[in-house]
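Written below as structure tokens is the structure these notes are about.
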Amino acid sequence: MDDVRKLIYGVVIAFGLMIAGWFGLIYVSACGFTLTCLRGSPLIDRTPIPTLIPATLPAPDHSRRTEFNKCQVSTVDLIGAWVSAGQPEGEAFSFTDVNGASCVGTFQEDVRPLFVNSNLWYAGALACSSCHNSALLTTNAGLDLSSYQAMRMGSRREDDSDQGNDIFSAGAWDESILYDWLFLRKHIPLARPPELAAEGPVIYAGTRLSAAATPTP
């Protein structure tokens with residue numbers, strides 16, 4: 001009888017110890033080895049950017065605003081204005097944007113990117129200089145569009161010293177080889193989609209001089 005009683009007491013004690021250990025494990029997992037159980041408190045949602053400006057910093061000046069002063073212009077009008085102005089390399093040239101505003105642009109900032117940047121004429125478009133570059137023996141039409149000097153040397157060239165055909169037609173834009181292939185035959189940029197307008201995409205370029213019309217960003 002004593003053995004049975006000891007067995008029952010042993011099972012009860014073991015069961016109690018198991019329950020206590022289980023609850024202890026849960027408590028330690030949730031609260032750690034503390035009595036405050038701060039780990040169980042709800043998380044405070046904080047923004048990663050401070051919402052208060054330190055008093056030592058100067059107050060922000062909202063009186064000065066940066067004006068959007070770019071012009072909207074089609075590529076045919078932008079390149080045409082540059083060609084008609086004599087194809088200046090460093091000097092600014094004038095053009096009129098789609099809103100009738102007077103604008104100025106430069107070759108390096110506004111015209112050259114049309115020939116050396118990809119994804120500009122349409123999504124996925126290769127840069128014109130991908131096919132027309134300094135490798136004259138293999139480049140298309142012997143034409144290098146990667147630099148100002150090379151463009152002025154013209155097309156159908158065989159080496160760097162060879163003067164080719166004037167692609168600007170001495171400033172007569174509508175009669176030029178470049179105008180013919182870009183906007184009449186529409187052969188370049190390569191694989192241009194049929195939905196691309198004949199005058200090319202309308203882009204932001206140059207600087208607006210006249211406040212007669214404000215382009216929509």
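The values are calculated or read from the model by the stated rules, or taken from the named source; none is laboratory data. Treat the numbers as computed from the prediction; the structure is a model and nothing was measured. Cβ placement follows ideal geometry from the backbone for every residue including glycine, while neighbour counts extend to all protein chains displayed.
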Condition first: touching a Leu at 6+ places or on another chain (Cβ under 6 Å) and hydroxyl-bearing (S, T, Y). Now tell me which residues in the stretch 114-144 satisfy that. S118, Y122, S129
Residue by residue through the stretch 83-96, note down the ones that are touching a Phe, Trp or Tyr at 6+ places or on another chain (Cβ under 9 Å) and within 20 Å of D174 (Cβ to Cβ). V83, S84, A85, G86, Q87, P88, F93, F95
Please verify whether L190 is surrounded by 15 or more Cβ atoms within 10 Å (Cβ to Cβ), of a type in the set (A, V, I, L, M, F, W, C) and either closer than 24 Å to G105 by Cβ or modelled with pLDDT under 85 (or both), treating the condition exactly as stated. no
Does any residue of the stretch 143-163 turn out to be part of a loop (DSSP other than H, G, I, E, B), among the hydrophobic types (A, V, I, L, M, F, W, C) and without any contact (Cβ under 8 Å) to a residue 40 or more places away in the chain? yes
Scan the stretch 117-124 and give yes if some residue there is assigned to a loop (DSSP other than H, G, I, E, B), touching a residue at least 40 places away in the same chain (Cβ under 8 Å) and of a type in the set (A, V, I, L, M, F, W, C), otherwise no. yes
For the stretch 72-90, does any single residue satisfy the condition of being assigned to a loop (DSSP other than H, G, I, E, B), at positive phi and modelled with pLDDT of 85 or more? yes
When the residues of the stretch 106-126 are narrowed to those that are at pLDDT 90 or above and of a type in the set (A, V, I, L, M), which ends up surrounded by the fewest Cβ atoms within 10 Å (Cβ to Cβ)? V116
Identify, please: which residue in the stretch 73-126 is of a type in the set (V, I, T) and closer than 14 Å to L145 by Cβ and is, among those, farthest from the chain's Cα centre (by Cα)? V83
Evaluation of T96 against (1) out of contact with any Ser or Thr (no Cβ under 8 Å at 6 or more places or on another chain); (2) free of Cβ contacts under 8 Å to residues at least 24 places away in the same chain; (3) farther than 25 Å from S161 by Cα (one fails), failing number: (1)
